[in-house]
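The structure appears below as structure tokens.
The values are calculated or read from the model by the stated rules, or taken from the named source; none is laboratory data. Just so it is clear, the model here is predicted, and its values are computed rather than measured. Because the Cβ atoms are built from the backbone with ideal geometry, glycine has one as well, and the counts that use them run over all protein chains shown. Note: accessible area is taken over every heavy atom of the protein model, side chains too, but ligands, DNA and RNA are not part of it. Shrake-Rupley method; radii C 1.70, N 1.55, O 1.52, S 1.80 Å.
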Amino acid sequence: MKKELLLSGYEISYDGDFMRELYPLPREVDVQLEDLYQIALEGRESGLNRLMRLIEKYPQVPVLKNYLSILFKSMGKIEKAFEVNRWVVAEHPDYLFGKLNLAAEYFTNEEYDKIPEALGESMNLKELYPERDTFHIDEVLGFFKMSVFYFSALGHFDEAETRLEVMSEIAPDSEDFEQAEEYFTDFQTLKSIDSLNIRGENIMEVTVNKTLLTDVTTPPVFTNPQINRLYESGFILDKQLIDEILALPRQSLINDLNKVLKDSIVRFAYFKTQDEDELSEIDANFLTHALFFLAELEAVESVEDILEILRQDEDFLDFYLDDVLTEYMWLILYKTSPGNLNTVKQFMLEPGIYTFCKSPVSEMVVQQLVHQPGRRGEILEWFRDIFQFFLHSKPEDNVVDSELLGLMVNDVLDFKGTELMPEIEALYKREIVDLGACGDLEEVKRLFSDEEDMVIEREIVSIYDIYEDFKSWSFYDNDDDDDFDLFNDFDLLDDFDEIDEIDEVPNFDISDGQPIHNPKKVRRNDPCPCGSGKKYKNCCMNK
């Protein structure tokens, strides 16, 4: 579509009061709008009833429902946030930002075919709202940005580029234009990568050693009976129980916790095959609890026991650890092997180990350098030895893992380990690095010179901080409000379609009559925009 057609039939307003005139606010709402927005952003549960009362009193005001969606999202109730988003579209079909949020949700979930349902088949603003002759600049930019995302994702780069040119003409310095341009470039790169088989020619994978299944069903006997409570406490431990366990005699406590680690392995078949009525899913968190306690105790004598957990197969790791493996294993290792890099190096050289059991070790070593810069020479040698080992290994050794090597190159990039370029170049020459994990050699060289892309110093937190952080994870819900039905309670959408269940957090914030803003370009060490809580480089960067 030509640029002229995309802008024809309407004027663009730059007036800051235009949106308030378009969607007038009652005085009672207007005076507390800023406060409500802050409450929503902070996820304060106290704001739920306050917003619902105002929505019931002023059902014609879409911004209140948008704030409700922000509040649910901040509280970790993602499905409720999506539900409200659909509510906005159903109740306020003329509210463009509601449609953009819905389109953003489809985009994030890669349901690209649904985006025209929200924004129109022609992706033309005037055709979407033929009765309007004026749009605010934020509306126009938000619409064009989503159009660029949509066409880029489909590979229709001519259409996307035309809309980019329009944005460049009307707001070249806007954040929306910057984001749209970056996504356009990223999608072009991804398309070209796909066409070139980005993973490389000689990608090597390891065959992961299977966890040995036993018929053991009898639980261990602990010196400290309080340890049994780890098997029945769910995903979150309360402070009182943590205090009580940490107050136990150190050595007997460590011995008991090591028994828990061993129990997770020898009784894996038992726990895995239990009926849901006999064993709820949260009971499997006893292993996670034990690992966190060992970390808090800085139990260096337990390193081998912890590494034995990391020698298990994916089925075992998914059952017990899931995201804890990628998010906190580095910290567990950091606290339990502060000066024992040789032990973890030998682990890195073992055959048949799952990629994401070795990658937290590499990340841990980088964090040792970040927190202790004087150890740079030691840590460079650590990486060099491992790279040299892989360079001289054969496929039948079952140790060379191309994805792991890509992730380790990423880790070296984090601390600008340019001294390792000879080894990195040799790995690329042998073509055993997964290019999808870190890019080609030219990209690696470019990143080495990128001063902005430095490693983030990860905080060494306590066990109390960890469980507090868990409360913000999207699947954790500390309020049993499943009976709360937004629509039925207020009789607002009697014929509303059943809400589809969506698992991922969208990469878009719902706003108060402002355009949908993505974060700035996501860097490798930033939180992944999909909402998983993982680093971008360890999550969606390569998808």
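So the values come out like this:
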| item | result |
| --- | --- |
| Net charge, Asp305 excluded, C-beta distance under 10 Å - Lys, Arg +1, Asp, Glu -1 | -1 |
| Coil-residue GluC sites (Glu not before Pro) of segment 63-125, DSSP, other Cβ within 10 Å capped at 12 | Glu110, Glu121 |
| 12 Å beta-carbon shell around Ile460, net charge (K/R +1, D/E -1) | -3 |
| Accessible surface of segment 63-106, 1.4 Å probe, proportion on carbon and sulfur as whole % | 47 percent |
| Net charge, Ile115 excluded, C-beta distance under 12 Å - Lys, Arg +1, Asp, Glu -1 | -4 |
